[in-house]
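Engineer: The structure that follows is given in the form of structure tokens.
The values are calculated or read from the model by the stated rules, or taken from the named source; none is laboratory data. Predicted, not measured: the structure shown is a model, and the values here were computed from it. Glycine gets a Cβ as well: all are built from the backbone with ideal geometry, and neighbour counts include every protein chain shown.
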Amino acid sequence: MDDNVINLEVACEVLTQTALSVDTAKCGSEAIEKVQQGSFDLIFMDIQMPGMDGFETTRRIRQTKGYESTPIVAMSANSADEQEFECRMAGMDDYLAKPVEPNKLFSMLLEWLPAPAGSESRGQSVSRPLEGGTAESATDGQLSANEQVDEVSRSVENLPPGSRGGPIDQRVLASLLGADVSKQRRILREFRDMTNATLLKLRAAHKERDEKQICFLAHKLKSSAGTVGAFTIAEQCLALELAGQGESWPRITELLQEMFVESQRLNYAVDEI
């Protein structure tokens with residue numbers, strides 16, 4: 001569950017490569033409705049969302065019959081040390097930092113998915129991605145989580161030199177999605193459009209001196225930027241979030257100007273992919 005469209009789409013692409021059955025929710029109320037209507041073996045829960053946050057959503061899911069002990073893994077761009085206690089108190093079982101790293105995601109799947117019938121260990125139903133978009137069960141090849149990720153990540157070494165620098169580090173999406181350039185291009189264009197729209201909202205919030213909205217928008221864009229490998233924008237968003245928390249308006253103005261310049265570099269880079 002994640003209210004961030006980019007993060008949700010990338011996570012679904014990665015999980016689909018494992019041949020698992022995946023469903024999504026964009027807000028807490030939708031997640032509660034889905035668990036009441038269906039059956040899930042593992043839930044990934046975003047923490048920071050508008051409206052009902054991940055903590056309250058988890059507490060309500062724990063009150064739903066049949067979900068008293070279903071594994072729930074928290075997901076956040078904040079450090080685990082800052083939120084681990086609150087995650088545990090809400091009923092979450094583990095923590096996965098964003099942007100998500102493939103090896104850590106697969107390790108979580110192997111750790112928390114229930115063992116299939118006739119198996120003594122968890123996660124053996126996780127399957128490995130193969131070239132061409134099909135999948136093979138991990139029980140056939142007995143591949144570890146790291147071996148699954150290695151197959152996807154090999155495509156990184158084949159990227160052209162120009163893709164390793166600039167506004168976008170294409171190695172990041174390649175490690176998540178494999179060598180499917182069309183998927184990478186589609187997600188990067190969605191991120192570009194999201195960045196441009198967010199900058200307009202940030203300018204409006206700056207005009208209204210709304211530091212809470214600035215912090216919220218910066219945090220959300222920071223998460224997506226890390227997911228797609230736009231590390232300069234991610235760093236600028238972190239600085240903007242901190243400046244918003246401190247209500248440092250001269251610094252906020254300076255960062256928004258820097259982000260506008262970087263967004264122009266991003267637009268050009270995505271058009272060239």
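Engineer: Among the listed residues E211, E241, E190, E262, identify the single one that is touching a His at 6+ places or on another chain (Cβ under 6 Å) and buried (at least 16 other Cβ atoms within 10 Å of the Cβ).
Structural biologist: Answer to the check: E241.
Engineer: What number of residues in the stretch 81-130 are at pLDDT 90 or above, part of a helix (DSSP H, G or I) and of a type in the set (D, E)?
Structural biologist: 1
Engineer: Still on this structure, I have one more. Does any residue of the stretch 253-273 turn out to be on the phi > 0 side of the Ramachandran plot and either of a type outside the set (S, T, Y) or in contact with a strand residue (DSSP E or B) (Cβ under 8 Å, 6 or more places away or on another chain) (or both)?
Structural biologist: The answer is no, given that none of the residues of the stretch 253-273 is on the phi > 0 side of the Ramachandran plot and either of a type outside the set (S, T, Y) or in contact with a strand residue (DSSP E or B) (Cβ under 8 Å, 6 or more places away or on another chain) (or both).
Each row is one residue, and each column tells you yes or no for (1) within 16 Å of Q17 (Cβ to Cβ); (2) surrounded by fewer than 20 Cβ atoms within 10 Å (Cβ to Cβ); (3) out of contact with any Gly (no Cβ under 6 Å at 6 or more places or on another chain); (4) at pLDDT below 80.
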site	(1), (2), (3), (4)
E147	yes, yes, yes, yes
S155	yes, yes, no, yes
I168	no, no, no, no
V181	yes, yes, yes, no
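Engineer: Mind counting the residues in the stretch 1-52 that are touching a Cys at 6+ places or on another chain (Cβ under 8 Å), surrounded by fewer than 18 Cβ atoms within 10 Å (Cβ to Cβ) and at pLDDT 85 or above?
Structural biologist: Total meeting the criteria: 3.
Engineer: Quick check on the stretch 207-229. Is at least one of its residues over 24 Å from the mean Cα position of the chain (by Cα), among the basic types (K, R) and either within 16 Å of G166 (Cα to Cα) or not in a loop (DSSP other than H, G, I, E, B) (or both)?
Structural biologist: Yes, some residue in the stretch 207-229 is over 24 Å from the mean Cα position of the chain (by Cα), among the basic types (K, R) and either within 16 Å of G166 (Cα to Cα) or not in a loop (DSSP other than H, G, I, E, B) (or both).
Engineer: All but one of (1) free of Cβ contacts under 8 Å to residues at least 12 places away in the same chain; (2) assigned to a helix (DSSP H, G or I); (3) among the β-branched types (V, I, T) hold for V22; which doesn't?
Structural biologist: (2)
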